[in-house]
Amino acid sequence: MRLLLVGSPPDVARVEAAAEACVAERRHLLVLFRGASAAEGGPSGADHRNDEKKREEHEEASLLTRTARDLESACDAIARVAPVLEFTPLLAECGWDAKHARARAEALARERKGKDVVVDDATGTSCDVFEKDENVENVRASRGFAKVSVGGTFDRLHAGHRLLLAAAALATHKEGTLFVGVTGEALLANKSDKNKIQPYAKRANDAERFLESVWCPDEKNASMEVKKNIKTGPLDGSPPLASTVEDMRALVVSRETLGGAAAVNAQRRDLGFPPLEIIAVGVVGGVGDSDEARERTKLSSSALRAAAE
């Protein structure tokens, strides 16, 4: 295992180097994001209690935005050098601090028959990598949304998928529900290299297991496993739950599919439902100076399938 502690914004070169090392050494990469919660010193619990509600909500929203930005930057760096690397982002908003990250790394190392744990502190500070972050509980209390929806094919779970799913976890309240739509067989007829697409059951299971790994387990859970309220189901051409569930609150998409998100909100408007908060993440792995160039060269499952034997 390799545990990489990153600051805000992440040191891209260090993230790339860690990803390359993990490929060479066949290690799993855990990336602990401390930056937005610790480096920028979020308000204390007492401050939260005394602040006006509007200011508190603004600070929490700003914190989530910074974390999402850092998450996207790290995933983009990994996508460029190791697109299908097994890596897990560990976010303070999902309960992680250095103590729990180290425990997760050691548990995974035991599962993989004695691989040692390498720790790389890329924060640029002299902080103790294993010291409990006192801000985590304040950050973890961030409201998030009670019901969040995200969807995709999730074939060969790559860095872009991990970004999308982790952003969905970030947006979901710690006691909320995350609805994950996974493209079913009926919608795959026109996909390139369709015969190479993993079965629905595997894609759904991989997405769910990844999400479970993103949330920190309870203090008393020695197995380091966590069960969140994740509802996984097929996308089969019927209107998605994001359109038809009245109390759904947010939809997480990639920026290239913002048109589809607008269509969902149009369907909700027709039903008399309130619009969803749209949370968009960028494409990863692309190169170029413009959004159009990056879109053309982005990491994609189609390209990975075409390259597969």
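Skipping prolines and chain starts, which residues have an amide H placed within reach, meaning under 5 Å, of the one on residue 277, given they are 5 or more residues away or on another chain?
Hits under the 5 Å cutoff: 250, 251.
Show me, for region 233-249, the HN-Hα J-couplings you get by feeding each phi into the Karplus relation (A = 6.51, B = -1.76, C = 1.60, θ = phi - 60°), rounded to Hz, glycine and proline as x.
Each residue of region 233-249 in turn: x, x, 8, 10, x, 6, x, x, 4, 4, 7, 10, 9, 4, 8, 4, 10 Hz.
Sorting 230, 278, 78 on the 10 Å Cβ count, fewest up front, what's the list?
Fewest-to-most Cβ neighbours within 10 Å comes out as 278, 230, 78.
What are the residues whose amide H is under 5 Å from the amide H of residue 183, where those residues sit 5 or more places off or on another chain and H is modelled from the backbone?
Placed amide hydrogens put 152, 153, 235 under 5 Å from residue 183.
Give me a comma-separated list of calculated 3J(HN,Hα) values for region 168-180, in order, Karplus coefficients 6.51, -1.76, 1.60 applied at θ = phi - 60°, integers in Hz, x for any Gly or Pro.
Result, rounded to whole Hz: 5, 4, 4, 7, 8, 4, 4, 10, x, 10, 10, 9, 10.
With θ set to phi - 60°, apply the Karplus curve 6.51 cos²θ - 1.76 cosθ + 1.60 along region 188-197 and write out the HN-Hα couplings as whole Hz, x wherever there is a Gly or Pro.
These are the phi-based 3J(HN,Hα) values: 9, 4, 9, 6, 5, 6, 4, 5, 9, 6 Hz.
Once amide H atoms are placed 1.01 Å from N in the peptide plane, what residues at a sequence separation of 5 or more from residue 90, or on another chain, have their amide H within under 5 Å of its amide H?
It is 31, 32, 33, by chain and number.
Sort 255, 156 so that the residue with the fewest other Cβ atoms within 10 Å of its own Cβ comes first and the one with the most comes last.
Fewest-to-most Cβ neighbours within 10 Å comes out as 255, 156.
Throughout, read-outs are computed from the coordinates displayed, never taken from laboratory work. These numbers come from a predicted model, not from an experiment. Reconstructed Cβ throughout: ideal geometry from the backbone, glycine too, with neighbour counts over all protein chains shown.
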